[in-house]
Amino acid sequence: MKSKINIGIDLDGTLADLMGAACERYNLLVASSKNKTIRPESIASWSAFMTLTGLSHSAQSKWLNDTWEEWEYISAFEIVENGILNKIHDSANVFIISHRARTSHTAVTQWLNKFLIPYDGLVLIEDHIDKLTFPIDILIDDHPRLANRKTDKKILLVTRPWNKLIENLTSNVFRMNTDNDIITWMIKNGYITE
């Protein structure tokens, strides 16, 4: 019997629409005083939220972590809503790997439980730890810096506004324009069964 492969899946921007919730929170709490609202579609780069809000890097990190305190308002992407993750989990070991502040750990597990997300392991790590050091075969993520990452592991780059302009992916990185592309790619390449 063929052993299951290990798949790492990012949380923020891949499973959970944290940026959408962060923009809504900004618009509710700050936008009226600055006469400017922010939509997730306007976050065209990894640093765009900082630029649009005027937040420093550390203030942005705090803002995003504080957004997790209101986890009930964070929606899930299609990979969760359409059962794609369930199909992947049927044929593979799924490890959710996320850079997380300790203050958000409880909220994250509550969110995962709310959406009945299947996983075999939850790895919540500090920012400086590389997700690709974990024993996974494939990483599904939205972070733009992964687009040109050379490794023996496959990276499925989920298209989001902050990475869609990146071209010239390395040979081990595959762009997933829709969440449904993930399951199609995995079946086509024999990583999971239909």
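Between a residue in the stretch 97-116 that is at pLDDT below 95 and any residue that is open to solvent by 90 Å² or more (accessible area, probe 1.4 Å), which pairs come within a Cβ distance under 7 Å, given they are 6 or more apart or on different chains?
Cβ pairs passing all conditions: H99/E126; H99/D127.
Each row is one residue, and each column tells you yes or no for (1) of a type outside the set (D, E, K, R); (2) buried (at least 22 other Cβ atoms within 10 Å of the Cβ); (3) touching a helix residue (DSSP H, G or I) at 6+ places or on another chain (Cβ under 6 Å).
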{"position": "I5", "(1), (2), (3)": "yes, no, no"}
{"position": "L11", "(1), (2), (3)": "yes, yes, no"}
{"position": "T14", "(1), (2), (3)": "yes, yes, no"}
{"position": "A21", "(1), (2), (3)": "yes, no, yes"}
{"position": "E24", "(1), (2), (3)": "no, no, no"}
{"position": "S32", "(1), (2), (3)": "yes, no, no"}
{"position": "T37", "(1), (2), (3)": "yes, no, yes"}
{"position": "S42", "(1), (2), (3)": "yes, no, no"}
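Report, ordered by the first and then the second residue, all pairs with beta carbons closer than 6 Å, sequence separation of six or more or different chains, a first member in the stretch 147-158 that is free of Cβ contacts under 8 Å to residues at least 24 places away in the same chain, and a second member that is open to solvent by 40 Å² or more (accessible area, probe 1.4 Å) and of a type in the set (D, E, K, R).
Between residues of the stretch 147-158 that are free of Cβ contacts under 8 Å to residues at least 24 places away in the same chain and residues that are open to solvent by 40 Å² or more (accessible area, probe 1.4 Å) and of a type in the set (D, E, K, R), the close pairs are L157/R175.
Outside any loop (DSSP other than H, G, I, E, B) and touching a Leu at 6+ places or on another chain (Cβ under 7 Å): is that true of T51 in this structure?
Working: outside any loop (DSSP other than H, G, I, E, B): yes; touching a Leu at 6+ places or on another chain (Cβ under 7 Å): no.
Judged against the criteria, T51 is not a match.
Filter the stretch 55-81 for residues that are open to solvent by 30 Å² or more (accessible area, probe 1.4 Å), of a type in the set (F, W, Y) and part of a helix (DSSP H, G or I) and give the result.
Of everything in the stretch 55-81, those that are open to solvent by 30 Å² or more (accessible area, probe 1.4 Å), of a type in the set (F, W, Y) and part of a helix (DSSP H, G or I) turn out to be W63, W71, Y73.
Which ones in the stretch 159-170 are over 14 Å from W46 (Cα atoms) and among the hydrophobic types (A, V, I, L, M, F, W, C)? Spell out the reasoning first.
Of the stretch 159-170, the ones over 14 Å from W46 (Cα atoms) are 167-170.
Answer for the stretch 159-170, where residues must be over 14 Å from W46 (Cα atoms) and among the hydrophobic types (A, V, I, L, M, F, W, C): just L169.
V108: open to solvent by less than 10 Å² (accessible area, probe 1.4 Å) and farther than 24 Å from L165 by Cα, yes or no?
Working: open to solvent by less than 10 Å² (accessible area, probe 1.4 Å): yes; farther than 24 Å from L165 by Cα: yes.
Considered against the rule, which asks whether it is open to solvent by less than 10 Å² (accessible area, probe 1.4 Å) and farther than 24 Å from L165 by Cα, V108 comes out as yes.
What are the residues in the stretch 82-92 that are open to solvent by 40 Å² or more (accessible area, probe 1.4 Å) and either closer than 17 Å to L124 by Cα or touching a residue at least 60 places away in the same chain (Cβ under 8 Å) (or both), if any? I'd like the intermediate steps shown before the answer.
The initial filter retains those residues of the stretch 82-92 that are open to solvent by 40 Å² or more (accessible area, probe 1.4 Å), namely 82, 86-87, 89-90.
Answer for the stretch 82-92, where residues must be open to solvent by 40 Å² or more (accessible area, probe 1.4 Å) and either closer than 17 Å to L124 by Cα or touching a residue at least 60 places away in the same chain (Cβ under 8 Å) (or both): N82, K87, D90.
The values are calculated or read from the model by the stated rules, or taken from the named source; none is laboratory data. Everything numeric here is computed off the predicted structure, so don't read it as measured data. Reconstructed Cβ throughout: ideal geometry from the backbone, glycine too, with neighbour counts over all protein chains shown. Ligands, DNA and RNA are stripped out before the accessible areas are found, and what is left, the full protein with its side chains, is counted by its heavy atoms. Shrake-Rupley method; radii C 1.70, N 1.55, O 1.52, S 1.80 Å.
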